[in-house]
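This report refers to the structure that appears directly beneath it.
The values are calculated or read from the model by the stated rules, or taken from the named source; none is laboratory data. Here the structure is a predicted model, which is why all the values come from computation and not from measurement. FYI the Cβ positions are ideal-geometry reconstructions off the backbone, even for glycines, and counts take in every protein chain you see. SASA here: full protein model, heavy atoms, side chains in, ligands and nucleic acids out. Shrake-Rupley method; radii C 1.70, N 1.55, O 1.52, S 1.80 Å.
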Amino acid sequence: NTKKLANKHILHTTNSYMKRIILLALLTTNVVVNTIAQTKKELRDSIVVLAREADLHPDSIELRLRKAALNLQLEQWQYAKEEYDNILTLFPNNATALYFRAFAYERMHRYDLAKNDYEHILNRIPGNFEALLALALVNQKMKRHTEALDQANRLISLHPNKALAYAARAGIEHERGLLELALYDYEEAIKRDNKNTEYYIFKVEVLIDLKRYDEAMHELNQLTRMGVPRTELGELYKKCKKR
């Protein structure tokens, strides 16, 4: 049960990370943010236009980055990866292309290749938050738990004010059954971002695994006061009452 809940946390963290990365790709490449509201057809049409322009200007990094960002938004991982390949053939140390190619590799479950790109970035930009977080999550997916935890520890030592750093480490600890440590890290994440209801929910799950049901119930009641519908917390309430 603990492992199942921890995996749920990793999945949630990864999905949140995915949305963040796609938005970052759009912003980094100066693609107008309202592309997020475009239809898939409109996005595909934009890609066709950018592809034609890139063919006319094969050395233009900007055009290829813009096209690849839209490929990511459409979840066209292979096409995005190929655009980043084109850039990295000309500029092997381009951090933007390395980072987003690694992300595309992740979505294609090519974790070794993603790991290599993230490590390449960290060799050039030691301590980069996004790359270090991504590397920890990739190692966790690869069942390299010790490496993942080491990277999460480093992430926190370098970025002690980032709530997501503590939440990521808590998920790794939870999966490994280090419940007291996971609880501590969720509490640290909440201190830094006390409006994130997901952190409270994961804290409740750890408290239930620790059989600290009264504390879990208190946190659930806090969540309802924060506006989370009680129906969404029904299973957790049941677990507290079954003690």
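Answer yes or no: is there a residue in the stretch 114-135 that is within 23 Å of ALA170 (Cα to Cα), at pLDDT 90 or above and among the acidic types (Asp, Glu).
yes
Please verify whether the stretch 88-100 includes one or more residues that are under 14 Å from the mean Cα position of the chain (by Cα) and under 30 Å from ASP59 (Cα atoms).
Among the residues of the stretch 88-100, at least one is under 14 Å from the mean Cα position of the chain (by Cα) and under 30 Å from ASP59 (Cα atoms), which makes the answer yes.
What are the pairs, 6+ residues apart or on separate chains, where a residue within the stretch 69-88 that is open to solvent by 10 Å² or more (accessible area, probe 1.4 Å) has its Cβ under 7 Å from a residue that is at pLDDT 90 or above and of a type in the set (Gly, Ala, Ser)?
TRP77/ALA104; LYS81/ALA104; LEU88/ALA97
Out of LYS115, LYS162, LYS143, report the one residue that is on the phi > 0 side of the Ramachandran plot and basic (Lys, Arg).
Just a single option satisfies the conditions, and that option is LYS143.
If we only count helices (runs of 4 or more DSSP H) wholly inside the stretch 145-243, which ones have 3 or more residues that are farther than 25 Å from TYR111 by Cβ? Spell out how you get there, then give the answer.
Working: elements: 145-158, 163-175, 179-192, 197-209, 213-225, 234-241.
Of the helices (runs of 4 or more DSSP H) lying wholly inside the stretch 145-243, those with at least 3 residues that are farther than 25 Å from TYR111 by Cβ span 179-192, 197-209, 213-225, 234-241.
Here's a check for you: in the stretch 149-205, which residue that is without any contact (Cβ under 8 Å) to a residue 40 or more places away in the chain and of a type in the set (Asp, Glu) is surrounded by the fewest Cβ atoms within 10 Å (Cβ to Cβ)?
The qualifying residue surrounded by the fewest Cβ atoms within 10 Å (Cβ to Cβ) is GLU180.
Looking only at the stretch 89-100, count how many residues are part of a helix (DSSP H, G or I) and either modelled with pLDDT of 95 or more or open to solvent by 60 Å² or more (accessible area, probe 1.4 Å) (or both).
Going through the stretch 89-100 one residue at a time, the tally reaches 2.
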